[in-house]
1. What do you reckon, is residue 132 touching a residue at least 24 places away in the same chain (Cβ under 8 Å), over 15 Å from the mean Cα position of the chain (by Cα), buried (at least 16 other Cβ atoms within 10 Å of the Cβ) and not in a helix (DSSP H, G or I)?
2. Between 137, 182, which is within 18 Å of the chain's Cα centre (by Cα) and among the hydroxyl-bearing types (Ser, Thr, Tyr)?
3. If you scan segment 57-77, which residues turn out to be surrounded by fewer than 22 Cβ atoms within 10 Å (Cβ to Cβ), part of a loop (DSSP other than H, G, I, E, B) and either more than 16 Å from the chain's Cα centre (by Cα) or not hydrophobic (A, V, I, L, M, F, W, C) (or both)?
4. Could you identify the single residue in 85, 73, 12 that is among the acidic types (Asp, Glu), closer than 30 Å to residue 174 by Cα and in contact with a strand residue (DSSP E or B) (Cβ under 6 Å, 6 or more places away or on another chain)?
5. Taking interchain pairs and intrachain pairs at least six residues apart, which have beta carbon atoms under 6 angstrom, with the first residue in segment 108-123 and assigned to a loop (DSSP other than H, G, I, E, B) and the second acidic (Asp, Glu) and surrounded by fewer than 24 Cβ atoms within 10 Å (Cβ to Cβ)?
6. Which of the residues belonging to segment 26-40 are of a type in the set (Val, Ile, Thr) and more than 19 Å from residue 78 (Cβ to Cβ)?
7. So how many residues does segment 53-87 have that are within 18 Å of residue 161 (Cβ to Cβ) and in contact (Cβ under 8 Å) with a residue 40 or more places away in the chain?
8. Determine whether segment 78-100 contains at least one residue that is crowded, with 17+ Cβ neighbours inside 10 Å, of a type in the set (Gly, Ala, Ser), closer than 24 Å to residue 17 by Cβ and out of contact with any Phe, Trp or Tyr (no Cβ under 9 Å at 6 or more places or on another chain).
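Only the coordinates and a few stated rules stand behind these numbers; no lab work does. If you're wondering where the values come from, they're calculated on a predicted model, not measured in any experiment. No Cβ is skipped: glycine too gets one built from the backbone with ideal geometry, and neighbour counts run over all protein chains shown.
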Amino acid sequence: MSLEVISLEIPDVKLITPRKHGDARGFFSETYNKTTFAAHGISLDFVQDNQSFSAQRGTLRGLHYQSPPFAQDKLVRVVRGRILDVAVDIRRNSPTFGKWVAAEISAEKWNQILVPAGFAHGICTLEPDTELLYKVTNFYSAQHDFGIRWNDPDLGIDWPFGESDMMLSDKDKNQPFLKDVTTPF
């Protein structure tokens, strides 16, 4: 499996593009191989696969994270449509604490993003009928499920749409600001 791995501005967040083999029938792609990822310095034990569908462009999900002992690394890919994927460093002793990185992840680009534990994670759909799959390294735990406000002014995330053009859950609209959170990382 050929794999391109690029570190983003916060080096722990990785953009990953697997090789796609195509012919007149369509294509084949090995999107995850534990041995190949390990050869690129990514040794994670994924335990759960999740799938998300958003009907409307401008659907925002995030910024979410799970606290230890249920913290999760996430490997996110889009199988239909496009998203802006955002990772916010919430590791208190990190030199990039409170900073964020974003990348467009799409079915067309066939890229993925690796968001490590210690980051709040969010996505915004850039097209209607967007579907994504993601692997996580820990199981979901409602008691360890937390978030940060998507429009926290101290973060200054450059979302692609204004608030009136975005669809959010009540939960995401009412998350605390980072300054009001004692992060466990």
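1. no
2. Criteria check complete, one pass: 137.
3. Across segment 57-77, the qualifying residues are 57, 58, 67, 68, 69, 70, 73.
4. 85
5. Qualifying pairs under 6 Å: 116/12; 116/73; 117/73.
6. Residues satisfying the conditions are 35, 36.
7. 16
8. yes
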